[in-house]
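One structure is given below, encoded as structure tokens.
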């Protein structure tokens, strides 16, 4: 059994968050996700955006870390306020959950999701949503937490 804690990412961990996001993006290609850019200047802009988000109270990054400071997982959550034509609601959008492959299946993803949902409750979220690729094996984990399929995103190459 792996012992680990989930903690909030620190402001100075923007580079780590970007690197995990890059790994996630590359991995999602195998499940039918869009192709990740190899352009380093694009990733530089992503890093700047993430550093800004780390300072914001509208988003949260959670890190799963072992006792010896090995960062083994990451979740990203953002507050989205539904307005306009819809009844006002505060949505907690689970942007992504990533666990290092060698630590999958031991509860890291579950603990990250649980912490994300708890944060969402604390900040007044009405509900939590997420996007997941149809072929992603993590769908079963999300279903265990009570997420259900509501919309279908259809895509066609032109």
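The values are calculated or read from the model by the stated rules, or taken from the named source; none is laboratory data. Quick caveat, the model's predicted, so the values are computed rather than measured. For neighbour counting, all protein chains shown are included, and Cβ atoms are generated from backbone atoms with ideal geometry for every residue, glycine included.
Residues being touching a helix residue (DSSP H, G or I) at 6+ places or on another chain (Cβ under 6 Å), in a strand (DSSP E or B) and more than 17 Å from residue 111 (Cβ to Cβ): count how many of those fall in the range 127-143.
Of the residues in the range 127-143, 0 are touching a helix residue (DSSP H, G or I) at 6+ places or on another chain (Cβ under 6 Å), in a strand (DSSP E or B) and more than 17 Å from residue 111 (Cβ to Cβ).
Tell me yes or no: at least one residue of the range 28-39 is in contact with a helix residue (DSSP H, G or I) (Cβ under 8 Å, 6 or more places away or on another chain) and in a helix (DSSP H, G or I).
No, the range 28-39 contains no residue that is in contact with a helix residue (DSSP H, G or I) (Cβ under 8 Å, 6 or more places away or on another chain) and in a helix (DSSP H, G or I).
Does residue 133 satisfy being within 20 Å of residue 9 (Cα to Cα) and touching a residue at least 60 places away in the same chain (Cβ under 8 Å)?
Working: within 20 Å of residue 9 (Cα to Cα): no; touching a residue at least 60 places away in the same chain (Cβ under 8 Å): yes.
No: the conditions fail for residue 133.
Please work out which residue is modelled with the lowest pLDDT, limiting yourself to the range 2-18 and to residues that are touching a helix residue (DSSP H, G or I) at 6+ places or on another chain (Cβ under 9 Å) and part of a helix (DSSP H, G or I).
The residue in question is 11.
Identify, from the list 146, 120, 124, the residue that is without any contact (Cβ under 8 Å) to a residue 60 or more places away in the chain, part of a helix (DSSP H, G or I) and farther than 26 Å from residue 26 by Cα.
Details: 146 fails: part of a helix (DSSP H, G or I); 124 fails: part of a helix (DSSP H, G or I).
Step by step, each of 146, 120, 124 is checked, and only 120 is without any contact (Cβ under 8 Å) to a residue 60 or more places away in the chain, part of a helix (DSSP H, G or I) and farther than 26 Å from residue 26 by Cα.
Quick grid of which residues meet (1) at pLDDT 95 or above; (2) loosely packed, with under 13 Cβ neighbours inside 10 Å; (3) in contact with a helix residue (DSSP H, G or I) (Cβ under 8 Å, 6 or more places away or on another chain); (4) under 27 Å from residue 140 (Cβ atoms):
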residue	(1), (2), (3), (4)
50	yes, no, yes, no
60	yes, no, yes, yes
71	yes, no, yes, yes
87	no, yes, no, no
95	yes, no, no, yes
99	yes, no, yes, yes
108	yes, no, no, yes
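Every residue, every condition in (1) out of contact with any strand residue (DSSP E or B) (no Cβ under 7 Å at 6 or more places or on another chain); (2) closer than 27 Å to residue 1 by Cα, yes or no:
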site: 78; (1), (2): no, no
site: 109; (1), (2): no, yes
site: 136; (1), (2): yes, yes
site: 144; (1), (2): yes, yes
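Name, by its number, the condition in (1) surrounded by 13 or more Cβ atoms within 10 Å (Cβ to Cβ); (2) in contact with a strand residue (DSSP E or B) (Cβ under 9 Å, 6 or more places away or on another chain); (3) closer than 24 Å to residue 147 by Cα that does not hold for residue 31.
(2)
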